[in-house]
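Written below as C-alpha cells is the structure these notes are about.
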Amino acid sequence: MTAAQALFVAGFVAVNVVVVGTVVVVLRGARAADGGALRGGGVLARLARLPAERAEANRWAHLAHRVSGVAIFAFLVLHLLDVSLYALSPARFDEVHALYGTPVMRVFECGLLLALLFHALNGLRLVAVDLLDLGARAATRVLGGVVVVSLVGTVAGSAVILAPVVTGGA
C-alpha cells in the first residue's frame, strides 16, 4: 500500500467514525426526547398512542434522513480531497482510485448509493408534504414509496457495482 492509499484509507476510516458517531448522537437524542428507538418504557408508551399521533415511520425517516445527510457530506469531503490529487499528481490519483475497485470499497459504494437515493427521495417527499399540505397518512404512504424505490434502486445499482467482484473482473 502506498502512502497516498494509506492516507485515503485513514480518511475513509475517519468518515466512517463520523457516520457511526452521528448514529450514536441521533439515537441518544431520540431516546432523551421520548424514549427513542431503544427499548424501554418510553417506546411502549409511544406505541400505545394512536398511529396518527405517533407517526412512528415518519420519525424513523427523520432520523435516517439526518444520518444519511451526514454520511453523504462526509463522503463528499473525502471524495473532493481524493479527486484533487489529480492536480498534484496523476500517478497518486490513480493509486488512490485503484482502491475503489476493491470488494470492500464496492460494498461501501452500495451503502452510499442507498444513502443518496433515500436522502434525495425523502427530501423530495418532505418538499411535497410541505407544499401539498399532505396529512400524516399520506406522508406515511409516500414514505413507503420512498423506501421501496430506494431499496429497488439500491439493489439494481448494487448489481452493477458488485458485478466485477462477482464475475472476477475487478
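The values are calculated or read from the model by the stated rules, or taken from the named source; none is laboratory data. Owing to the predicted nature of the structure, the values given are computational and were not obtained by experimental measurement. Reconstructed Cβ throughout: ideal geometry from the backbone, glycine too, with neighbour counts over all protein chains shown. The protein model used for the area step is the full one, side chains on, heavy atoms only, and it has no ligands, DNA or RNA in it. Shrake-Rupley method; radii C 1.70, N 1.55, O 1.52, S 1.80 Å.
Things to note:
- Residues of segment 72-96 that are within 24 Å of residue 122 (Cβ to Cβ) and aromatic (Phe, Trp, Tyr): 73, 75.
- The lone exception for residue 119 - which of (1) over 30 Å from residue 58 (Cβ atoms); (2) open to solvent by less than 60 Å² (accessible area, probe 1.4 Å); (3) not small (Gly, Ala, Ser) it fails: (1)
- Tallying residues that are open to solvent by 30 Å² or more (accessible area, probe 1.4 Å) and in contact with a helix residue (DSSP H, G or I) (Cβ under 6 Å, 6 or more places away or on another chain) within segment 151-168 yields 3.
- Number of positions in segment 129-150 that are without any contact (Cβ under 8 Å) to a residue 24 or more places away in the chain and either open to solvent by 60 Å² or more (accessible area, probe 1.4 Å) or β-branched (Val, Ile, Thr) (or both): 8
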